[in-house]
Each structure stands twice: as structure tokens, then as C-alpha cells.
Amino acid sequence: MIRSALNKDIYILAIESSCDDTSAAVLHNDRVLSNVVANQEIHRAYGGVVPELASRAHQQNIVPVVDQALQRANIDKNQLSAIAFTQGPGLMGSLLVGTSFAKSLSLGLDIPLIDVHHMHAHILAHFIRDSEQSIPEFPFIALTISGGHTQIVLVKGYFDMEILGETIDDAVGEAYDKSAKMLGLPYPGGPLVDRYAREGNPEAYSFPKPKVDPLNFSFSGLKTAILYFLEQQQAQDPDFLSHAMNDVCASIQKTIVDYLMEKLDNVVAQTGVNRIAIGGGVSANSGIRAALAQAQTDRGWKTYVPKFAYCTDNAAMIGIVGYLKFLEGKQASHAIAAKSRLSF
């Protein structure tokens with residue numbers, strides 16, 4: 001019989017293993033006590049995540065990461081109220097490691113098991129009680145931007161969300177990383193494009209913005225335009241990037257940020273909701289953060305930007321969803337399975 005822990009001291013152990021980061025966190029109600037992330041450096045040599053290597057690394061990392069999360073939180077596993085885990089979407093082999101571990105620990109401790117949608121977690125990370133971030137009021141618009149997703153979501157409640165727009169091909173994070181690869185930068189290249197962009201002239205070069213529906217995105221054409229631009233410039237000057245890297249990165253970044261802001265302008269005009277929250281790994285980008293900060297003055301929006309630790313894949317965001325679902329009595333059967341594709 002699953003024992004109940006319906007009291008004011010709720011402790012959630014959360015596990016995130018959707019891609020190449022193994023993470024475990026402990027939350028006391030809506031506050032984070034620990035948030036441990038083990039990165040997988042092995043993928044740098046291949047210029048991207050290798051699924052089989054990722055799942056093997058998760059198997060090696062998950063026990064020490066969970067143990068460290070409990071130690072940093074200074075609690076015993078027997079104090080836990082529930083186990084939350086990422087069910088999907090993500091890499092199947094990686095998800096299976098986290099799912100299997102969570103199910104086994106839940107059974108062993110005789111406590112509830114709570115399934116979490118990875119993209120819901122990026123959005124609800126804003127509800128972690130932390131002095132470094134403010135909590136949005138409902139309804140608000142969430143822009144989820146990561147290596148695998150780009151979505152505009154109308155958030156009316158913790159579990160009442162509607163996708164209003166999304167990418168029809170590539171995600172914005174992939175556009176950053178592929179652009180970085182064309183520039184000869186190592187993986188993961190997105191943060192490097194951001195770093196070089198800070199020193200460059202964003203008006204130096206012009207790249208086209210794809211024309212699709214007002215709330216949808218497309219990045220495949222932008223990547224092709226960047227490829228042709230680089231081929232042309234390097235044909236004329238083989239050393240072009242040695243002196244133009246900063247300006248090229250700044251111009252790419254400006255194009256992407258302006259494109260995202262145009263879509264947000266469209267959704268605010270359509271819905272009348274001007275509270276904007278971003279989430280996902282690309283929300284750590286300095287250009288996007290600066291544009292949203294400026295939008296508060298120029299457009300009168302109220303914007304919410306997560307703490308850096310809650311931007312990239314991490315278990316704290318899984319834990320806050322687990323806590324909110326626990327309060328509503330929502331728990332999973334131990335027959336639940338990981339899903340690489342999971343409906344929003």
C-alpha cells in the first residue's frame with residue numbers, strides 16, 4: 001500500500017535524464033534543497049549527442065548523482081514523499097534509465113511515483129520558490145526554446161496549457177548549434193555564438209527571416225542562408241572568419257532574437273496577454289534575455305526569465321512539477337513507460 005505524506009513537509013526526489021545530462025534534485029515543498037547535474041563531456045568529440053553513449057553514461061551517473069542530491073539536501077531517503085521523473089519527450093535510451101530507476105526506488109520506498117512532461121517542466125520551473133526569480137500570474141505566454149523544441153504556449157493553469165505556435169522544422173537551439181558548426185566552433189556551439197556575439201556588430205550582415213504563419217517558426221531556411229553566406233565569403237577570403245567571427249555571430253544572433261520577438265508581438269496582439277515567460281536551454285542566451293528586459297520598457301510587457309540553473313535540463317524543474325502534481329493527488333502507475341515522443 002502506498003503510504004501517504006499529505007502534510008506541510010513534502011519532500012520530492014526528482015530525476016531528469018531526457019538527453020545527455022543526468023540530474024537529480026530534492027525539493028522541500030516548492031523550494032530547492034539540491035540540484036545536481038552530471039554533464040557528459042564524451043559527446044564533444046562527436047559534435048553532438050550520441051544516443052547510445054548517452055544512455056550508457058546515464059547508467060554510470062544516476063546512482064552517484066541521486067546520492068549526492070540527497071546528501072546536499074541533508075535528508076534521508078526515508079523522508080521522501082514521492083519520486084518524480086521525466087517520462088518524455090527525449091532520447092529513448094536515456095529516458096529508460098531515469099524511468100527504471102525512479103520506478104524501482106518508488107517501489108522500494110513504497111512512495112508515490114509521479115510522471116513529468118519535460119516541456120511542462122521548463123514552463124513550470126518559474127514556480128520554484130527562489131529569491132532570484134519572480135513567479136508569473138495566470139494567464140501568461142510561455143516561449144519554450146531549446147535544442148529540440150520551439151513553442152509558444154498559453155498557460156492558463158499549472159496543468160492547463162495550449163500550444164499556440166511551434167516550429168515546423170528545426171528548433172532554435174539546433175539552429176544555433178548548426179550555425180556554430182558551420183563557423184567551425186566546437187559542440188555545444190550555441191553558447192559560443194552568444195559569447196562572440198557580445199563583441200560583434202549585429203548590423204554587420206543581414207540574414208533572412210523565414211516567412212511562415214504568424215505564431216509558427218521555421219529555422220531550416222536560416223541555416224541554409226548562413227551556409228551559402230559563409231561559402232561565398234570564404235571563397236573570396238579564406239581567412240574571413242578569423243577577422244569577422246564576432247560580427248557574423250552578432251548578426252546571426254540578432255536575426256534569431258528579432259524573429260522570436262516578432263512572434264511574441266504577434267501572440268500578445270492576438271491574445272491580449274502581455275506576461276511573457278521563457279524556458280528551455282536557449283533561455284540562457286544573453287541576447288534573448290536583453291531583448292525581453294527591453295520589452296518591459298518599450299512594449300509594457302511583464303517578462304519572466306528563469307534563473308540560469310533552471311534554464312538547461314535539470315531535475316529541479318522536474319521536482320516542482322512533481323510537487324504540484326503531488327498536491328493534486330496525481331501519481332503514475334508503475335506500469336508507466338518512457339516515451340520518446342510524448343503529447344503536450
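The values are calculated or read from the model by the stated rules, or taken from the named source; none is laboratory data. All of these numbers come straight from a predicted model, not from anything done at the bench. Neighbour counts are summed over all protein chains in view; Cβ atoms, including those assigned to glycine, are modelled from backbone coordinates with ideal geometry. Each accessible area value is taken on the protein alone, full model and side chains, heavy atoms only, with ligands, DNA and RNA left out. Shrake-Rupley method; radii C 1.70, N 1.55, O 1.52, S 1.80 Å.
Are there any pairs, at least 6 apart or on different chains, whose C-beta atoms fall under 9 Å, with the first in segment 197-223 and more than 10 Å from TYR259 (Cβ to Cβ) and among the polar types (S, T, N, Q) and the second in a loop (DSSP other than H, G, I, E, B) and open to solvent by less than 80 Å² (accessible area, probe 1.4 Å), and if so, which? Partner pairs satisfying both residue conditions: SER220/ASP169; SER220/ASP170; SER220/PRO210. All conditions in (1) in contact with a strand residue (DSSP E or B) (Cβ under 6 Å, 6 or more places away or on another chain); (2) open to solvent by 10 Å² or more (accessible area, probe 1.4 Å); (3) touching a residue at least 12 places away in the same chain (Cβ under 8 Å) hold for LEU241, with the sole exception of (1).
The criterion of being closer than 16 Å to ILE278 by Cβ, open to solvent by less than 40 Å² (accessible area, probe 1.4 Å) and out of contact with any Pro (no Cβ under 7 Å at 6 or more places or on another chain) holds for ASP194. Among the residues of segment 56-96, those identified as part of a helix (DSSP H, G or I), open to solvent by less than 20 Å² (accessible area, probe 1.4 Å) and either free of Cβ contacts under 8 Å to residues at least 12 places away in the same chain or under 29 Å from GLY148 (Cα atoms) (or both) are ALA57, HIS58, ILE62, VAL65, VAL66, ALA69, SER94, LEU95.
Residues in segment 193-203 include none that are modelled with pLDDT under 95 and among the acidic types (Asp, Glu). Yes or no: segment 255-268 includes at least one residue that is under 26 Å from ASN29 (Cβ atoms) and assigned to a helix (DSSP H, G or I). No - not one qualifying residue is present in segment 255-268. Among the residues making up segment 282-301, those that are closer than 18 Å to LYS263 by Cβ and either open to solvent by less than 10 Å² (accessible area, probe 1.4 Å) or touching a residue at least 40 places away in the same chain (Cβ under 8 Å) (or both) are VAL282, SER283, ASN285, GLY287, ILE288, LEU292, ALA295. Regarding segment 155-171, can at least one residue be identified that is buried (at least 20 other Cβ atoms within 10 Å of the Cβ), of a type in the set (Asp, Glu) and modelled with pLDDT of 95 or more? Within segment 155-171, none of the residues are buried (at least 20 other Cβ atoms within 10 Å of the Cβ), of a type in the set (Asp, Glu) and modelled with pLDDT of 95 or more.
For segment 248-263, the count of residues that are small (Gly, Ala, Ser), out of contact with any Cys (no Cβ under 6 Å at 6 or more places or on another chain) and free of Cβ contacts under 8 Å to residues at least 40 places away in the same chain is zero. The selection criterion, being crowded, with 23+ Cβ neighbours inside 10 Å and more than 15 Å from the chain's Cα centre (by Cα), holds for VAL248.
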